[in-house]
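Enquirer: One structure coming up, written as structure tokens, with questions to follow.
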Amino acid sequence: MQAPRELHVIKWDFPPKFGNVTVNVVGDAGHNLAPYEFWKDHFPKAGITIKIIEVPFEGVYEKEKTEFVAGSGAFDVVTFYPAYVGDFASNGYLEPLDEYMKKQPDSVWNPRQEDVLPPFRELYNKWAGKTYALTIDGDAHLLIYRKDLFTNAAEKAAFKAKYGKELMPPETWEDWLQIGAFFTRKKGEKLAGQTLERDFYGSAEFAKRGFSFAWFVDRWAASGDLYFDENMKPQINSPAAVKALQNFVDSLKNAPPDVRGYGYDELRDALLKGSVAMVVQWTDVPKKGANPAESQVVGKLDYGRVPGWRIGGKVVHRAMMPVGRVVAVASSSKNKLAAYWVAKHIAYDMSLEDVSTAFTGLDVNRGVHFSHPEAYVDFKSKAEAAAYLDRVKEALGDGYPEIFIPGAAQYEDALDLHVNKALAGQETPKQALDAVAQEWNAITDRLGRQKQIDLWHQALMSYKVAGLIK
Amino acid sequence: METKVGRDVLAPQPARLVARGFRLTPVLMVLPAVVVLLAITVFPLVFTLRLTVMSWELTTGFPPQFVRLQNFARAFFQDPRFWNAMMNTGILAVVGVGLQTLIGMGLALELHQLGRLRTFVLSLLLIPVMIAPVIAGFQFRMIYNDQFGPLNYLLDRFTGGRFHGYAWLADPRVALGAVMFTDVWQWTPFMTLVVLAGLQAIPAELLEAAEVDGATGPQTLRRVMLPLLLPVIVIGVLVRFMDTFKLFDIVYQLTAGGPGNVTETIAYYTYLEGFKFFSLGYTSALAFIQLAVITVVAQVFLRYQKRVRAGMAT
């Protein structure tokens, strides 16, 4: 894999040489571990040998938690999804990083956390006021659509004739259904003047078990509800939530027939292979869409805010921030300082190179990533890259967090299961969300209601500091 | 100097030493095996049994708490997901293993007729059994793919485009069937092997006697071969039944239990409780329920097999 060109925008120095220590790095297998390959020459210069342990995407939490519980000391640098920062930090599995970050000289040790966008700094990195992790991937959802179709004169005219309004990227989730239905065509029909050689679909979703709940939350969060009230009473089965899930269910009519098997890869490919008109996806997909090696729609994509709901005369948008990635130092590590430097080197020193290339799935997460559009060389022009970064900034402004407290895996799995049952027609949206509320209560009771309430209050404080709620 | 020869060398030792020698030697010889057994079998079993009456949520950091039989009560009376997983596993065990047995018997009867080619064909047939289930799951995920999978391509070609782009793993009506088909594909050769071994053990004179008595092919099969094959078929079915209770890899690869939870098996659900939610007490209770079910079913099978054998002996 070709390493991106070193940009030297971020100034950094090597630490005093470690005595040839080995640092074990664990993370989800695939393109997000590529930075360790890109910068493999840097580590020996710091007296560090890197050993990578790849884990399947779905197995990161279980693998890391199992090793932590067993106290095996198998990992020095752990890469994980920040929904688990509460679990890992509160159980003492992670090393607090504040003292390491203060070490001198700054050019070696300071990861410039003040430059990290507040939602990522406050939610991804901190627990109980201390910094335990550094962001490497700032995930959020973004609307990605085929601008060639939305600007096509024939399609615009047809849409106006049918619905009596202009064809525009969807502003609301009602628009999403309408535009999705409009663009759904059979093989042999015309699309933008071309006869279709295969079926074409208006939209697609992540409807597979695992993260389908995030595409529900995209639709629900605009209502202003939080997952729980102050006493951990679930708010997930409100009328607004039922309406949101109904919209998700209805959207499958405009999606490929196997959409219930779509995860990240399938959803990305449906767009990049030219099978759908619009998707909501993570912010790394436009970079891949601009890369001719991966995309058949180069130059045909544009981006926007995740659709919202019209509330009180204006449209409120919220974009789920699922997954994301952080790196942290295991408290059981025998080489904590070396492990910290490796984590900081990836999270800060080389981060602009890592987030701007299409060879990783890592996304922008700090100010410096936004101020250098010239680094995003996969885009046709600097202006196109700047436009992409502007849309990402907007999406992050709409950001809505995951649950983040210990037990997140259980709460989110219960939500995902019932959202998925509604998508599969096994339950109505109301039945599904009532079942989620019931299961969430049972989970809270099992984990200890008072402790969960305290943790939830702590999470609410972080949401407030990050500006995600008032 | 006194030299002992012959019987004198084997002269009786003092009684106390003899008694101790007799006690210690066999004990010392068996001890390593006992220690290993205790460490790898008995200790985990007892430890897990103890966990079944504890609440131990590793996400919270709270110490384990004694909760009596609450974990079992939760499984039986409060957890519809448990019953759904048991039902899916039951369908796979009854229908899936039933299909494996029927197809396996058919193939075994055909192979039994083959001459020199039998070993070669049998070797080919056994390839799926040799593949790791996780790989089989991955293969079939490709095969079932709605857009690029060979299954839909062939169906499209053979039906002139009328059967096109079917979502085998995403349609809740057929997803469990797709999982079952993969399992049947992989394990039917095992049943073939078992039945073929049984067929080869049938004394030729019995078949000749049936032929002399004028029995037709189907009559010989029903009245002579099947009764003689029954004990081995019962063992084969029992092994497959126990394996089906552990069906995890294929589900993990193909559907992750979805869409909804229509393909969630009890093994997959137990994995989620144990390694995603880290609810160790509840996971142990689920594991023990499965152990109890398998033990009861195995007893039924083995008693049946004993009865069949006893009937054959008389």
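The values are calculated or read from the model by the stated rules, or taken from the named source; none is laboratory data. Given the structure is predicted, the values throughout are model-derived calculations rather than measurements. Every residue, glycine as well, gets a Cβ built from its backbone with ideal geometry; the counts of neighbours run over all protein chains shown.
Enquirer: In this structure, does A:G312 turn out to be in the same structural domain as A:W176 (by TED's automatic domain parsing) and over 20 Å from the mean Cα position of the chain (by Cα)?
Expert: Yes; evaluated as a whole, the condition is true for this residue.
Enquirer: Among the numbered conditions (1) out of contact with any Leu (no Cβ under 9 Å at 6 or more places or on another chain); (2) part of a helix (DSSP H, G or I), tell me where A:D363 comes up short.
Expert: (2)
Enquirer: Looking at B:V232, is it within 13 Å of chain A (Cβ to nearest Cβ), part of a helix (DSSP H, G or I) and among the hydrophobic types (A, V, I, L, M, F, W, C)?
Expert: Considered against the rule, which asks whether it is within 13 Å of chain A (Cβ to nearest Cβ), part of a helix (DSSP H, G or I) and among the hydrophobic types (A, V, I, L, M, F, W, C), B:V232 comes out as no.
Enquirer: Inspect the stretch B:238-257 for any residue being closer than 30 Å to B:G137 by Cα, within 14 Å of chain A (Cβ to nearest Cβ), surrounded by 14 or more Cβ atoms within 10 Å (Cβ to Cβ) and of a type in the set (G, A, S) and give the result as yes or no.
Expert: Yes, the stretch B:238-257 contains a residue that is closer than 30 Å to B:G137 by Cα, within 14 Å of chain A (Cβ to nearest Cβ), surrounded by 14 or more Cβ atoms within 10 Å (Cβ to Cβ) and of a type in the set (G, A, S).
Enquirer: State the number of residues belonging to the stretch B:71-84 that are assigned to a helix (DSSP H, G or I) and within 12 Å of another protein chain (Cβ to nearest Cβ).
Expert: Qualifying residue count, the stretch B:71-84: 6.
Enquirer: Being assigned to a loop (DSSP other than H, G, I, E, B) and either away from chain A (no Cβ under 12 Å) or touching a Cys at 6+ places or on another chain (Cβ under 9 Å) (or both) is the filter here, so list the residues in the stretch B:132-160 that pass it.
Expert: Scanning the stretch B:132-160 gives B:A132, B:T159, B:G160.
Enquirer: Right, another one. Identify, please: which residue in the stretch A:403-431 is farther than 20 Å from A:M320 by Cα and of a type in the set (G, A, S) and is, among those, nearest to the chain's Cα centre (by Cα)?
Expert: Only one residue tops the list, namely A:A424.
Enquirer: Something else about it: I need the full set of residues from the stretch A:192-217 which are aromatic (F, W, Y), more than 17 Å from A:L423 (Cα to Cα) and more than 12 Å from chain B (Cβ to nearest Cβ), in order please.
Expert: First, pick out the residues of the stretch A:192-217 that are aromatic (F, W, Y): A:200-201, A:206, A:211, A:213, A:215-216.
Subsequent filtering for residues that are more than 17 Å from A:L423 (Cα to Cα) retains A:200-201.
Passing the criteria: only A:F200.
Enquirer: I'm checking my understanding of the structure. Among residues of the stretch A:238-257 that are surrounded by 22 or more Cβ atoms within 10 Å (Cβ to Cβ) and not in a helix (DSSP H, G or I), which one is nearest to the other protein chains (Cβ to nearest Cβ)?
Expert: A:P256
Enquirer: Condition (residue is under 22 Å from B:T89 (Cα atoms) and modelled with pLDDT of 95 or more) applied to the stretch B:194-202: is it met by at least one residue?
Expert: Of the residues in the stretch B:194-202, the ones under 22 Å from B:T89 (Cα atoms) are none.
Looking for residues that are under 22 Å from B:T89 (Cα atoms) and modelled with pLDDT of 95 or more, one finds none in the stretch B:194-202, hence no.
Enquirer: With B:M130, B:M142 as the choices, which residue is touching a Gly at 6+ places or on another chain (Cβ under 8 Å) and surrounded by fewer than 19 Cβ atoms within 10 Å (Cβ to Cβ)?
Expert: B:M142
Enquirer: Among what's in the stretch A:87-111 and is in a loop (DSSP other than H, G, I, E, B) and away from chain B (no Cβ under 13 Å), pick the residue that is surrounded by the most Cβ atoms within 10 Å (Cβ to Cβ).
Expert: A:P111
Enquirer: OK, next. Could you tell me which residue of the stretch A:72-83 is nearest to the other protein chains (Cβ to nearest Cβ), considering only residues that are surrounded by 24 or more Cβ atoms within 10 Å (Cβ to Cβ) and touching a Lys or Arg at 6+ places or on another chain (Cβ under 8 Å)?
Expert: Checking each candidate, the answer is A:F80.
Enquirer: Residues in the stretch B:161-175 that are closer than 15 Å to B:Y252 by Cβ and either assigned to a loop (DSSP other than H, G, I, E, B) or more than 9 Å from chain A (Cβ to nearest Cβ) (or both): how many?
Expert: Residues in the stretch B:161-175 being closer than 15 Å to B:Y252 by Cβ and either assigned to a loop (DSSP other than H, G, I, E, B) or more than 9 Å from chain A (Cβ to nearest Cβ) (or both): 1 in total.
Enquirer: Under the condition of being in a helix (DSSP H, G or I) and small (G, A, S), which residue from the stretch A:342-360 is farthest from A:T135 (Cα to Cα)?
Expert: The residue in question is A:S356.
Enquirer: Does A:K287 satisfy the condition of being outside any helix (DSSP H, G or I) and of a type in the set (K, R)?
Expert: For A:K287, the condition - outside any helix (DSSP H, G or I) and of a type in the set (K, R) - is not met.
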